[in-house]
Amino acid sequence: MQISLHNLWFQTLRPMLSRPRRLQVAALCYRQTGDEREVLMITSRDTGRWVLPKGWPMAGKSSAESAAEEAWEEAGVRKGRFDDTPLGRYEYDKRLDSGAVEPLETLVYALEVEELCDDFPEAHERSRRWMTPSEAAELVNEPQLRDLLSVF
């Protein structure tokens with residue numbers, strides 16, 4: 001009986017009561033220098049963790065265009081080439097100022113950087129650094145993002 005209730009909860013009721021994950025988009029900004037590929041990581045504003053530029057989809061823009069806009073605002077990527085097909089995705093739980101947790105799914109778009117500016121909207125709020133994908137994978141907290149960076 002106890003096993004049946006456990007299964008009923010985890011297989012039926014809990015999924016029905018869970019909120020769907022809210023969608024974000026992220027830009028995996030990179031440059032190719034000879035044989036080496038580097039990715040551009042930024043710090044989050046609240047905790048200083050290393051993250052990708054990311055945010056909410058924007059009205060009138062595709063998800064990839066929204067990710068490119070976030071790359072400009074948060075990392076200073078003024079110009080780049082991107083594909084409309086996501087490179088991958090990862091899930092994480094964002095802690096809100098209220099203490100509540102919001103489940104998020106993030107679609108990641110590769111963005112080859114062609115022009116990088118030092119003066120951008122969030123320049124005074126974030127640090128940025130070029131690093132190898134394997135270095136970046138060691139610095140991020142999200143396991144699925146770590147996996148994505150490891151194979152990039």
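Assorted remarks:
- Beta carbons closer than 8 Å, at least 6 apart along the sequence or on distinct chains, pair a first residue in the stretch 81-92 that is in contact (Cβ under 8 Å) with a residue 12 or more places away in the chain with a second that is charged (D, E, K, R) and surrounded by 17 or more Cβ atoms within 10 Å (Cβ to Cβ) for Tyr90/Glu142; Glu91/Glu142; Tyr92/Glu142.
- Residue ID - surrounded by the most Cβ atoms within 10 Å (Cβ to Cβ), chosen from residues in the stretch 82-96 that are within 12 Å of the chain's Cα centre (by Cα) and modelled with pLDDT of 95 or more: Tyr90
- Filtered residues of the stretch 97-137 (kept if surrounded by 13 or more Cβ atoms within 10 Å (Cβ to Cβ), more than 14 Å from Cys29 (Cα to Cα) and of a type in the set (D, E, K, R)): Glu102, Glu105, Glu122, Arg126, Glu135
- Among the residues of the stretch 59-71, just one is surrounded by fewer than 19 Cβ atoms within 10 Å (Cβ to Cβ) and within 22 Å of Arg49 (Cβ to Cβ), namely Glu69.
- Of all residues making up the stretch 34-47, the number that are open to solvent by 40 Å² or more (accessible area, probe 1.4 Å) and touching a residue at least 24 places away in the same chain (Cβ under 8 Å): 3
The values are calculated or read from the model by the stated rules, or taken from the named source; none is laboratory data. Only a predicted model underlies this, so the values are computations on that prediction, with no experimental measurement involved. For neighbour counting, all protein chains shown are included, and Cβ atoms are generated from backbone atoms with ideal geometry for every residue, glycine included. In case anyone asks, the SASA skips ligands and DNA or RNA and just uses the protein heavy atoms, side chains included. Shrake-Rupley method; radii C 1.70, N 1.55, O 1.52, S 1.80 Å.
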